[in-house]
Amino acid sequence: MTKVVLISGSLRAASVNSAALRAVRRIIAQTRPSASAVSLPIGRLPFYNGDVESAGTAPAVAVARALVADADALVISTPCYNGAVPGVLKNALDWLSRPDGASPLTGRVAAVLSASPGGRGGIDAQPALLDLLDSCEAITVEHPPVAIRRAHQRLDEAGEMTDPEAVAALRELVDATFEAVAIMAEQRRSALRTPEPLQTVPPVQAPAAGAWSRARVTLSRS
């Protein structure tokens, strides 16, 4: 059974990024009933501090690491704060990148999206997030950027993201994520059958300016 961990980079109760991930969870339940998706609440993690780590792993950190270590993939939705990834999300990745040499992020498939009430959909935070994941040796999903602009207008009265265009974009990202998981699983099986080194899914390369623009246009219709 494929296990997916969902991480929202926003702590706000009515976060559009959290709403996007709830839509991802529904898509997974509808299209892949044998898979599971769980959320990792990063607001419970303490600020990273080497002294705290040396004194013994905090319970919330241990739970987060175990959850990610047991997952086949991560789907991370980030807001854009002043053109960058929120500190709370960076903090979570800092904890998950530890301990050195045994990070649960190493070799883990990770998909990235963003959502924002603004006109750019939080897309400016995505390159930095991809760089962070690359530094943590995660395997980022190769897919056109998903940046949901005017996201607050895509929620229904219950606060759920049901807008057909946004859901279609999320469904494509889910499909790409599961395809990456399948590729990695096959490569691991091949590595067990042959002495050849494990090949990894190529990390996402930052698209040219035109590609980013096309992504924004795709998600701007409402």
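Of all residues in segment 84-125, those being at positive phi and either of a type in the set (A, V, I, L, M) or assigned to a helix (DSSP H, G or I) (or both) number 0.
Condition first: outside any strand (DSSP E or B), buried (at least 18 other Cβ atoms within 10 Å of the Cβ) and more than 12 Å from the chain's Cα centre (by Cα). Can you find one or more residues in segment 29-39 that meet it? Can you show your working first?
As a first pass, look at segment 29-39 and keep what is outside any strand (DSSP E or B): 29-35.
After this cut, where a residue has to be buried (at least 18 other Cβ atoms within 10 Å of the Cβ) as well, the list is none.
No: zero hits.
A single entry from Ala64, Ala23 fulfils the requirement of being part of a helix (DSSP H, G or I), open to solvent by less than 40 Å² (accessible area, probe 1.4 Å) and without any contact (Cβ under 8 Å) to a residue 40 or more places away in the chain: Ala64. Among the conditions (1) under 15 Å from the mean Cα position of the chain (by Cα); (2) buried (at least 16 other Cβ atoms within 10 Å of the Cβ); (3) of a type outside the set (Phe, Trp, Tyr), Thr2 misses just one, which is (1). Mind listing whichever residues of segment 98-122 are surrounded by fewer than 24 Cβ atoms within 10 Å (Cβ to Cβ), out of contact with any helix residue (DSSP H, G or I) (no Cβ under 6 Å at 6 or more places or on another chain), farther than 16 Å from Ala176 by Cβ and not polar (S, T, N, Q)? Listed by number, the residues that qualify are Arg98, Pro99, Asp100, Gly101, Ala102, Gly107, Gly118, Gly119, Arg120.
Total residues in segment 1-20 satisfying the condition of being in a helix (DSSP H, G or I) and out of contact with any helix residue (DSSP H, G or I) (no Cβ under 9 Å at 6 or more places or on another chain): the figure is 1.
The values are calculated or read from the model by the stated rules, or taken from the named source; none is laboratory data. Keep in mind the model is a prediction, meaning the values are calculated, not measured. When we count neighbours, we look across all protein chains shown, and the Cβ atoms used for this are built from the backbone with ideal geometry, even at glycine. All accessible areas refer to the heavy atoms of the entire protein, side chains included, with ligands and DNA or RNA removed. Shrake-Rupley method; radii C 1.70, N 1.55, O 1.52, S 1.80 Å.
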